[in-house]
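Worksheet: one structure, shown below.
The values are calculated or read from the model by the stated rules, or taken from the named source; none is laboratory data. Quick caveat: nothing in here was measured; it's all calculated off a predicted structure. Positions of Cβ are backbone-derived with ideal geometry, glycine not excepted, and every protein chain shown enters the neighbour counts. Just so you know, the surface numbers come from the protein's heavy atoms only, side chains and all, with ligands and any DNA or RNA stripped out. Shrake-Rupley method; radii C 1.70, N 1.55, O 1.52, S 1.80 Å.
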Amino acid sequence: MEVRFWNKEIETLDRPALEQLQLKRLRETVGYALQTHFYKNRLAKTGITSPEDIKTLADLKKIPYTTKDDMRESYPRGLLAVSSDEVVRIHTSSGTTGLPTVIYYTREDLDNWTENLARCIIATGAGRADVFQNMMSYGMFTGGLGLHYGAEKVGMTVIPIGGGNTKRQIQLMKDFGTTVLHITPSYLLHIHDKLAEVEVKLSDLALKRAFIGAEPHSENTRKKIEDLFHIDAYNSYGLSEMNGPGVAFECEYKNGMHTWEDGYIMEIIDPKTGAVLSEEMEGEIVFTNLIRRATPLLRYRTRDLGYIIKGACPCGRTHRRLSRITGRTDDMLIVNGVNVFPSQIEEVIMRIPQVGTNYQIHLEKDGALDKLIIKVEIYSKLFHGEMSELDNLKRKIKEDLRASIIINPQVELHEPGSLPVFEGKAKRVVDNRPKF
Ligand code: ADP
Ligand code: ZN
């Protein structure tokens, strides 16, 4: 495989040089942070009052973690480190789990972010010859604009349609010969269902790749997408607190996401004790943003779970790889005392070939007990077929789930297109249990 780079020098920097660069940028970032009301107070307690107090990268450990609540409490300007005339853009998080958090960017901050996205795009093998249809929503959500500028920077032909309007999406793909999509995996699966409905065949399209992200998904979902569309799908990870997409992205080897370590210091911690874990141990991902002056964030607890993949990637990039996101510390379900992540459920059902493109997880109270109901869409032919086949399939899904999550769920089979569709991040879990 011929490997192409956007910025070969930085992308293949050896470890000592990369760490030297991290240290330089960490010092600068601490300097910016000290301009904010929030960090001035917080760092004073640790004895860090100037960038010179950071002597080595190990000094990072002296800095307390920053949480989503810290950011919410600092809303709207407590974490702004520059004067307002230097700010050129504001983004907020999607607010999946509560009040949104706000991020400010200077012109240079945006350029740094865009540079990282250019590296990501080239790492997948895409480039200036591609037609890029950006189906992530534009606006306050960072997914749309983030990739937009990255794609323009590498010279792709950008179709800035944003999310939704599935028929039009398909029409544009066909008319302009779209080769690369940026989209949530759940919406991409929905698009596949729609193709038949609008009588567009895969051979009418020129699709080659999809950048899929913004929501958790399993390896089996990726495989399903790749098989249904005959394309390569690359996992794209980011969060608005770390600029947005472009924090970590898969290269052509599709074996973990290279995290741009000249821009972000990545740590994995035990979410309960806060202890830093070693490579290959799963825990909460913590990032320090080294490339944003307007809102410097130190040791930000993402609530996302994953681990650092050990060893070198055959592509030659030295920036370490992050595993697939296995869940969020705040999306864990407790069902009759047993902990379950929605991603575990998805992993099981998406492996079963008869299962279609959409599913939902429902939780109800049944007397004193919790009831877990998994609603799965199946392919049309099967749905209208033999009753005994349906029963067998139901039993198989149930047994596979029980083996994996130790809970005995109720399984419902649904007709294609009957479960709710989301054009952005999918909401898979409906928890109807009373809250105390
Ligand atoms: P919110 O936290 O409100 O959803 P963002 O819009 O910034 O805010 O979304 C970032 C979050 O989306 C991440 O913290 C992560 O939970 C999720 N996410 C983004 N990309 C991926 C991905 N490739 N795999 C799994 N989850 C992802
Ligand atoms: Zn690689």
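What per residue convex hull volume, in Å³, do the alpha-carbon atoms of segment 176-294 yield? Please report the intermediate quantities before stating the final value.
Numbers: hull volume 17.1 nm³, N = 119.
Dividing the Cα hull volume of segment 176-294 by its residue count gives 143 Å³.
What shape does segment 168-236 have by the C-alpha gyration tensor, where a ≥ b ≥ c are the square roots of the eigenvalues, rounded means a/c under 1.5, and otherwise prolate means a/b greater than b/c and oblate the rest? Walk me through the numbers before you get to the answer.
On the way: a/c = 1.79, a/b = 1.61, b/c = 1.11.
Note, shape of segment 168-236 comes out prolate.
Under the rule of -39500 (n - 2.57) per DSSP H run of 4 or more residues, summed and divided by the residues of the chain, what mean residue ellipticity at 222 nm is obtained, to the nearest 500 deg cm²/dmol?
Taking each H run of at least 4 residues, the total per residue is -9500 deg cm²/dmol.
Starting from the Kirkwood Rh over alpha-carbon pairs, what translational D in µm² s⁻¹ does the chain have by Stokes-Einstein at 25 °C and 0.890 mPa s?
Details: Rh = 22.9 Å.
It diffuses with D of about 107 µm²/s by this estimate.
Quick one: length gained pulling residue 84 to residue 8 fully straight, 0.36 nm per residue minus the C-alpha distance? Mind showing how you got there, number by number?
Working: separation 76, 0.36 × 76 = 27.36 nm, distance 3.48 nm.
Stretched out fully, the residue 84 to residue 8 stretch lengthens by 23.9 nm.
For segment 177-284, give me the percentage of DSSP beta bridges that are antiparallel, rounded to the nearest 5 percent. The partial results should precede the final answer.
Numbers: 8 of 17 bridges.
In segment 177-284, approximately 45 percent of DSSP beta bridges are antiparallel ones.
What does the charge dipole of the chain about its Cα centre add up to, to the nearest 20 debye, if the Cβ of each Lys and Arg holds +1 and the Cβ of each Asp and Glu holds -1?
Values: 58 positive and 59 negative charges, 112 e Å.
Using Cβ point charges on Lys, Arg, Asp and Glu, the chain gives about 540 debye.
Of 66, 47, 231, which is farthest towards the positive pole of segment 1-328's charge dipole, taken about the Cα centre with +1 and -1 on the beta-carbons of Lys, Arg and Asp, Glu respectively?
Among 66, 47, 231, the one farthest towards the positive end of the dipole of segment 1-328 is 47.
Accessible surface of residue 433 in the full protein assembly, 1.4 angstrom probe, to the nearest 10 Å²?
Its accessible surface works out to 40 Å², give or take rounding.
Looking at the chain, send over the antiparallel percent of its DSSP beta bridges, to the nearest 5. The partial results should precede the final answer.
Working: 40 of 64 bridges.
Among the beta bridges of the chain, antiparallel pairing accounts for roughly 60 percent.
Using a 1.4 Å probe, how large is the accessible area of residue 341, given in Å² and rounded to the nearest 10?
Its heavy atoms expose roughly 40 Å² to the probe.
Rounded if a/c is under 1.5, else prolate if a/b beats b/c, else oblate: with a ≥ b ≥ c from the C-alpha gyration tensor eigenvalues square-rooted, which is segment 320-412? Numbers along the way, then the final one.
Values: a/c = 2.31, a/b = 1.29, b/c = 1.80.
Because a/c hits 1.5 or more and a/b fails to exceed b/c, segment 320-412 counts as oblate.
Report D for segment 1-84 in µm² per second (integer): Stokes-Einstein, Kirkwood Rh on Cα pairs, 20 °C, 1.002 mPa s. Before the final figure, lay out the partial values.
Numbers: Rh = 14.8 Å.
So the translational diffusion coefficient is about 144 µm²/s.
Just to confirm a number: summing +1 for Lys and Arg and -1 for Asp and Glu over residues other than residue 320 whose beta-carbon lies under 10 angstrom from that of residue 320, what do you get?
+2
Using a basic spin-label model with each label point 7 Å from the Cα along Cα→Cβ, how many nm lie between residue 386 and residue 275?
5.5
Roughly what would the spin-label model give for residue 220 and residue 253, points 7 Å off Cα along C-beta, in nm?
Taking the two extended label points, one gets 2.7 nm.
Using the beta-carbon distance between residue 165 and residue 369 and R0 = 41 Å, what value does 1/(1 + (r/R0)^6) give for FRET efficiency, to the nearest 0.05?
0.45
Where both partners of a DSSP beta bridge lie in segment 288-436, what percent of those bridges are antiparallel, to the nearest 5? Show your work: numbers first, answer last.
On the way: 16 of 24 bridges.
About 65 percent, rounded to the nearest 5.
I need the GluC sites (Glu not before Pro) found in segment 138-219, filtered to DSSP loop residues with at most 16 other beta carbons within 10 Å of theirs.
Values: sites: 152, 197, 199, 219; in loops: 199.
Filter output for segment 138-219: 199.
For segment 259-325 and segment 372-422, compute the distance between their C-alpha centroids and round to whole Å.
One Cα centre to the other: 36 Å.
When the accessible area of segment 1-328 is computed with all protein chains present and a 1.4 Å probe, what percentage of it is carbon and sulfur?
Values: 6450 of 12990 Å².
Summing carbon and sulfur atoms, their accessible area is 50 percent of the total for segment 1-328.
If you roll a 1.4 Å probe over the heavy atoms of the protein chains, what accessible area per residue do you get for the chain, in Å²? Can you show the working numbers first?
Values: 18840 Å² over 436 residues.
Result: 43 Å² per residue.
Under a Cβ-only charge scheme (Lys and Arg +1, Asp and Glu -1), can you give me the dipole magnitude of segment 154-201 about the Cα centre, in debye to the nearest 20? Mind showing how you got there, number by number?
Details: 5 positive and 4 negative charges, 11 e Å.
Dipole of segment 154-201, to the nearest 20 debye: 60 debye.
Between 275, 214, 81, where does the largest GNM mean-square fluctuation fall for the chain, given springs only between Cα atoms within less than 10 Å?
275
Greater than 20 Å separation of Cα atoms is the criterion. Which listed pairs, 8/208; 375/425; 223/254; 55/272; 68/435, meet it?
Details: 8/208 24 Å; 375/425 18 Å; 223/254 11 Å; 55/272 28 Å; 68/435 22 Å.
Result: 8/208; 55/272; 68/435 exceed 20 Å.
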